[in-house]
Amino acid sequence: MTPEEIAAKAVADKAAADAVAAKAVADAAEAAAKAATDAADSIIGGEAFQTALAKTIKDAVAAVAAPAPKPNKSVSDIVFETLGHTMKKPEIKNILGASVAALYHAKNDLDKAVNIAKARWGEGNEVQKTFEAMQVKALVSTAGSDGSEMVATTVANEVIEALRPASVVRSSAPQIVVNTTGTLQIPRISTGAAITWLGEATASNATQQVLDTVTLTRKKGMIKVPITKELLQFSTPDAEQAVADDVVAGMASGTDSAYIRGAAAGSNPEGIRTQLAAGNNITSVGNDAADVETDISALLQAVRGNNVALTPETGFFWMSSRSFTFLEKLRDANGNLIYPELRMETARMHRYRVMITNNIPDNLSVSGASPTGDESEIYFGRGPSMMIADAKDLSLEVLENVAYTNSGGNIESGVDMDTVLVKAVLLTDIALRHTQAWAILNGCQYGVTSDV
């Protein structure tokens, strides 16, 4: 064989040997794979693996399935508690609104309300403390077990703060005092001591102050506000605020009406109107620009002339929206606005704040021999001369499926309207430290005619 043939045969022999070796490796791998498959089949087919797999599937299904209602819980309770667990938030946007929602889901049961508050907002939250305080009071009072016990001071304070901007009286800088006893009696100097001028070595008689008493007695005001069930079922901060806003709006309107025009006799607070000194009741002389200036000047003088200390921040006008709109566009003979400051962001007139409330009616008939039924009133006075006495607490109850009288005096069905009635009770009263500190313009027909 030639050298070339010898070399070619050596290469061929090596290739054949490599092929044999590769086949051996492949055969070994196939055998190993078959052995692994057989082992896996043996494990999967075994009783232990099948038991473990069944348990895993069962646990997974149980984890995502809704828990079945327990006999002593309603579906709404379970839904609320589930939401509370999965949507727990660190803060409560409004204690009053959150308390109303929790009472609704607890069906006014205080024990259940405590547990709901814990589940929803975490241990030690303000709503939980509110209901725990109610539980304590329920043990030491004759109050019922329907959730109408006194709500804790934290909620009462929150409500009073919310009422300040919502109520024109409370936003007029009155003094707020706490009435825990039921009746407060505050001494008042109605006539002060007078100075005597005398010559040298001349005797003089002492001058005596004249004292009387301002009495504030807790008056019970009830506010009933219908709220949709959907709103109470939403467990969100915005829903809490919306519920609270509804309750506060009802309180603000009701208390404003009593604080301003409440009758002297009755279970309501006696309004500012009936407490005024006799000389501080003024009657409007007309509607044209000159008459208006006469009216407003007389109103100012009635207060200023009694040595009432006024500043731009302590003096307040109260009027209806009709009267405000009339004065806002009133012009002089040259077409100039007489009260341009009424159009400012903070409305003022003669430097003093102007507050609008429709709790001052436009359909009064109080002046003249032939009353017209279209008269209104304007009030002016010193805000801090008013004293409002509030109880530390307020009561709260949430009623489902009840009938109630709406704002128009008609009976509504809670079932038909799908609403819940929130009933809140506020204990309060108002009094003037000085009866000369406020004055009223009666028989005001501003805006009735087109004199502007």
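Of the helices (runs of 4 or more DSSP H) lying entirely inside segment 271-380, the ones with 2 or more residues being in the same structural domain as Thr255 (by TED's automatic domain parsing), more than 29 Å from the chain's Cα centre (by Cα) and of a type in the set (Ser, Thr, Tyr) are found at 289-304.
Within segment 343-352, is there a residue that is under 24 Å from Ala302 (Cα atoms) and hydrophobic (A, V, I, L, M, F, W, C)? Yes, segment 343-352 has at least one match.
Restricting attention to segment 253-270, the residues being under 15 Å from Pro361 (Cβ atoms) and assigned to a loop (DSSP other than H, G, I, E, B) number 2. Taking the criterion of being surrounded by fewer than 18 Cβ atoms within 10 Å (Cβ to Cβ), in contact (Cβ under 8 Å) with a residue 60 or more places away in the chain and over 30 Å from Gly279 (Cβ atoms), would at least one residue in segment 389-400 satisfy it? Yes; the residues of segment 389-400 include at least one that is surrounded by fewer than 18 Cβ atoms within 10 Å (Cβ to Cβ), in contact (Cβ under 8 Å) with a residue 60 or more places away in the chain and over 30 Å from Gly279 (Cβ atoms).
Residues in segment 375-431 that are under 30 Å from Thr215 (Cβ atoms) and of a type in the set (Asp, Glu): Glu377, Asp390, Asp393, Glu397, Asp429. Checking each residue in segment 229-245 for being farther than 17 Å from Glu400 by Cα and in a loop (DSSP other than H, G, I, E, B) picks out Ser235, Thr236. Tallying residues that are part of a strand (DSSP E or B) and of a type in the set (Asp, Glu) within segment 402-422 yields 1. Look at (1) in contact with a helix residue (DSSP H, G or I) (Cβ under 8 Å, 6 or more places away or on another chain); (2) surrounded by 13 or more Cβ atoms within 10 Å (Cβ to Cβ) and you find that Asp418 fails only one, number (2). Which one is nearest to Ala249 (Cα to Cα) among residues in segment 123-158 that are at pLDDT 85 or above and assigned to a loop (DSSP other than H, G, I, E, B)? Filtering segment 123-158 for residues that are at pLDDT 85 or above and assigned to a loop (DSSP other than H, G, I, E, B), the one nearest to Ala249 (Cα to Cα) comes out as Asn125.
Taking Val425, is it in a strand (DSSP E or B) and surrounded by fewer than 20 Cβ atoms within 10 Å (Cβ to Cβ)?
yes
The values are calculated or read from the model by the stated rules, or taken from the named source; none is laboratory data. Only a predicted model underlies this, so the values are computations on that prediction, with no experimental measurement involved. FYI the Cβ positions are ideal-geometry reconstructions off the backbone, even for glycines, and counts take in every protein chain you see.
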